[in-house]
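**Q** Supplied in C-alpha cells, the structure appears directly below.
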Amino acid sequence: MITACLLNDDNDTLKLAPLTVGQPLPPDVIWLDVSQPDDEERDWLEKLFVEDVPDEDEMDDIESSSRFRVGPDGVHILSLFPQHLANDTRAVNMSFTMRKNLLISFREEDVSIVRLLRYYIRNDKADVRSALDILLLLQDLKVDQLSDLIEDAYSTLDETADQIIDEDRVEETLKELVRQEELNGQILQALYDTRRALRFVKKTFETTLDDRQNRSIDEVLNDIESILPHTQFLAAKINFQLEASMGYTNHKQNKIIKIFSVAAVVFMPPTWIASIYGMNFKNMPELDWEFGYPLSIGLMALSALCTYLFFRKKGWL
C-alpha cells in the first residue's frame, strides 16, 4: 500500500491520499509511505529509483555503512522503530530515502508511530513544512514513545518487586523480568540508533537546515541524552530483582533440602539399630530376650529423639 502526503504551499495544509500503481506523482507530494508493497507496487516503484527497492533482508542489515549513506537516489537512512503488541515489544526497521523535497519510506510491518503521525496530519496537528520535517517528526515521536515505554517499565518493576517473595507467582515474576530485560535492551538500541540517525541528518543537511529544524534536532538529541541514564538504572533494577528472585527461590529450595537432610540423619541411628537386630545370627543372645522387641523399638525411638533434640539445640531446625 502506498500513501502520499501532499503539502499545499499556499496555506501550509497537509493531505493524505492513497496512490495507485501507474499514477503520476502529484507535484505537491512530500512523502510517500510504502507499507508491505506487493510485486506490482515494487515494479512501479523501481521506475522511480536508480537503485533497487530495499527488501526485508536489506532492511535488517545493522552495519553502520548500510544504515546511513548517500547514494544515487539521495540520502538513505535505516532506522529502528519500536512496535508494541499486547505484552510484546519488538523493533521494526524502516527505510527512508530523502531526495530534494520528497521523503520515501519503506516498511514491511505496521508501525504505530506512522499511524500516530497520520492522525496528526489528518487533524492538522503536525508542524510540517517540508519532507525533512516528516523525518524529524517521526524521530521525535519515536523518542516520546520510548519515554512512555520506560515509564511503563518503572511501573511494572514496582509490581514485580512486591511479587518476588510470593511463592505462587515466582515463575510469572521471572518471565516478566526477562521480558523487561529484553524490552530495555530494545529501548536502548532504538535510542542509540535514533541518535546516530539525527547526527547523520544534521551533518548531511548542514547547509539546508533552517533554525527551526536545527533546534528540533538538538531538542530530540537532548531528550535522548536525558533518557539514556534511565535505561541504565532500569537494567540495574531488573538485574537486582532477577538475582533477588533467584536467591529467594534458592533459599526455599535449600530449606527443603535441609529438612530432608536432617530427616535422613535423624533416622540414621534407628536404621543402624534395626540393621543390627535384623541380622538373625545364631549366637546373638538378644534373640532369646523376652523383652528384646520392645527394647529395640524403644532404642530406635530414643536415638531418633536424641538426634532431633541435638539438632534443635544447635539451631539447625
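The values are calculated or read from the model by the stated rules, or taken from the named source; none is laboratory data. If you're wondering where the values come from, they're calculated on a predicted model, not measured in any experiment. Because the Cβ atoms are built from the backbone with ideal geometry, glycine has one as well, and the counts that use them run over all protein chains shown. Side chains are part of the model used for accessible areas, which takes the heavy atoms of the whole protein and leaves out ligands, DNA and RNA. Shrake-Rupley method; radii C 1.70, N 1.55, O 1.52, S 1.80 Å.
**Q** Among the residues of the range 223-281, which ones are of a type in the set (V, I, T) and either touching a residue at least 40 places away in the same chain (Cβ under 8 Å) or open to solvent by 90 Å² or more (accessible area, probe 1.4 Å) (or both)?
**A** Selection gives I224, I227, T231, I238, T249, I256, I257, I259, V262, V265, V266.
**Q** Looking at the range 124-158, which of the residues that are without any contact (Cβ under 8 Å) to a residue 12 or more places away in the chain and over 20 Å from L80 (Cβ atoms) is nearest to the chain's Cα centre (by Cα)?
**A** Going through the qualifying residues, I end up with S155.
**Q** Would you confirm whether or not the range 172-184 contains a residue that is in contact with a Phe, Trp or Tyr (Cβ under 7 Å, 6 or more places away or on another chain) and at pLDDT below 80?
**A** no
**Q** Is it true that some residue in the range 83-98 is at pLDDT below 80 and within 16 Å of V201 (Cβ to Cβ)?
**A** Scanning the range 83-98 turns up no residue that is at pLDDT below 80 and within 16 Å of V201 (Cβ to Cβ).
**Q** Scanning the range 16-46 for residues that are assigned to a strand (DSSP E or B) and without any contact (Cβ under 8 Å) to a residue 40 or more places away in the chain, which turns out least open to solvent (accessible area, probe 1.4 Å)? Show your work before the answer.
**A** So in the range 16-46, the residues assigned to a strand (DSSP E or B) come out as 16-18, 29-35.
Cutting the leftovers down to without any contact (Cβ under 8 Å) to a residue 40 or more places away in the chain gives us 17-18.
Values: A17: 25, P18: 108 Å².
By that ranking, first place goes to A17.
**Q** Exactly one of (1) assigned to a loop (DSSP other than H, G, I, E, B); (2) surrounded by 10 or more Cβ atoms within 10 Å (Cβ to Cβ) is unmet by I297. Its number?
**A** (1)
**Q** Tell me the strands (runs of 3 or more DSSP E) entirely within the range 65-144 that contain at least 3 residues that are surrounded by 14 or more Cβ atoms within 10 Å (Cβ to Cβ).
**A** Once the strands (runs of 3 or more DSSP E) in the range 65-144 are filtered for at least 3 residues that are surrounded by 14 or more Cβ atoms within 10 Å (Cβ to Cβ), what remains is 74-85, 88-99, 102-107.
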